[in-house]
């Protein structure tokens, strides 16, 4: 695998404990193991609806105990307090979905000093002592740009990026560049605006897009680094009901997949978050037995964004367009009713 990859303290959400019974398949493997998970946010539906159940089931099947710090609501101070609570609960492994990769470092060091192995979940941490587990976000960016440029190979482009404090926007943008550079160099497309978006929110993305449209009213395509922000872009475009502006996003959010079916969004790159959660749960079980991150199944040598030698495990994403909507239906990722809401029957595969 290529190495190109890619906290006002609030009351702590009650710790959720899910312990499996000894009758679960492979239950003895993680018996007595306690895994704490610090979540950055449940604002993006996938984390609470997909990632968390994936981790919990893998741990349950392995006989381990799941402890949740709760939803940090994208507040670094809140997450720091939640991590302290988890560490005081004598966890054996910490799965850390960081709000901010810099401000979380003291909490990370506290865990490492206690001899607790750490999985950087879906968001990179600048450390050579943690296992980075995510989907290949460089490839995600590549796929977003590839699908949009296929249908809109010329014109004015806008890029809406994620939170500037995180590294995922870098990975995604690097992947986009693989597709965009030759088109920009040839003059086929022009990137007229490119903005970071605080907390990846739809509201901030909508404001950004509205301001961009004021300065550049003639836009042919928008590459959004996730579906939540793509929703804000779509709103700024008045719903983009005619699909005139070609929009790309990622995460496989139900509303975005419906926009794909309606022709209002070209692609949503699907990262099976349940699969990612499952992989994290299984990795945590292995780390309970042996804290050496290099020995986790699927871990490969890689470098952090800052150039540190470390290990990562990257899963493959799938671009979902109007031509392969059946994929997410077959995976029970979305119901047909939600996917096909307001879609003319027979107009696209799956509807």
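Screening the candidates 128, 146 for the property of being modelled with pLDDT of 95 or more, farther than 17 Å from residue 36 by Cβ and in a loop (DSSP other than H, G, I, E, B) yields one hit, 128. For segment 334-347, the candidate set comprises residues that are part of a loop (DSSP other than H, G, I, E, B) and crowded, with 20+ Cβ neighbours inside 10 Å; within that set, the residue that is farthest from the chain's Cα centre (by Cα) is 340. Residues that are within 30 Å of residue 210 (Cβ to Cβ) and in contact with a strand residue (DSSP E or B) (Cβ under 7 Å, 6 or more places away or on another chain) occur at least once in segment 270-290. When residues in segment 293-326 are screened for being in a helix (DSSP H, G or I) and either surrounded by fewer than 17 Cβ atoms within 10 Å (Cβ to Cβ) or at positive phi (or both), 3 of them pass. Pick from segment 157-192 the residues that are under 13 Å from residue 250 (Cα atoms) and in a loop (DSSP other than H, G, I, E, B): which of them is farthest from the chain's Cα centre (by Cα)? Step by step, filter segment 157-192, then rank; the result is 161.
Here residue 284 fulfils each of the conditions (1) modelled with pLDDT under 95; (2) outside any loop (DSSP other than H, G, I, E, B) apart from (1).
Restricted to segment 34-54, and to residues there that are modelled with pLDDT of 95 or more and over 10 Å from residue 273 (Cβ atoms), the residue that is surrounded by the fewest Cβ atoms within 10 Å (Cβ to Cβ) is 34. Across segment 102-115, the qualifying residues are those that are out of contact with any helix residue (DSSP H, G or I) (no Cβ under 7 Å at 6 or more places or on another chain) and in a loop (DSSP other than H, G, I, E, B), and the one among them that is farthest from residue 284 (Cα to Cα) is 102.
Name the single residue, out of those in segment 151-182 being more than 22 Å from residue 206 (Cβ to Cβ) and in contact with a strand residue (DSSP E or B) (Cβ under 9 Å, 6 or more places away or on another chain), that is surrounded by the most Cβ atoms within 10 Å (Cβ to Cβ). So, considering only residues that are more than 22 Å from residue 206 (Cβ to Cβ) and in contact with a strand residue (DSSP E or B) (Cβ under 9 Å, 6 or more places away or on another chain), the one surrounded by the most Cβ atoms within 10 Å (Cβ to Cβ) is 171. Restricting attention to segment 59-101, the residues being crowded, with 24+ Cβ neighbours inside 10 Å, in a helix (DSSP H, G or I) and in contact with a helix residue (DSSP H, G or I) (Cβ under 7 Å, 6 or more places away or on another chain) number 2.
The values are calculated or read from the model by the stated rules, or taken from the named source; none is laboratory data. Fair warning: this is a prediction, and the values are worked out from it, not measured in the lab. All Cβ positions, glycine included, derive from the backbone under ideal geometry; neighbour counts span all protein chains shown.
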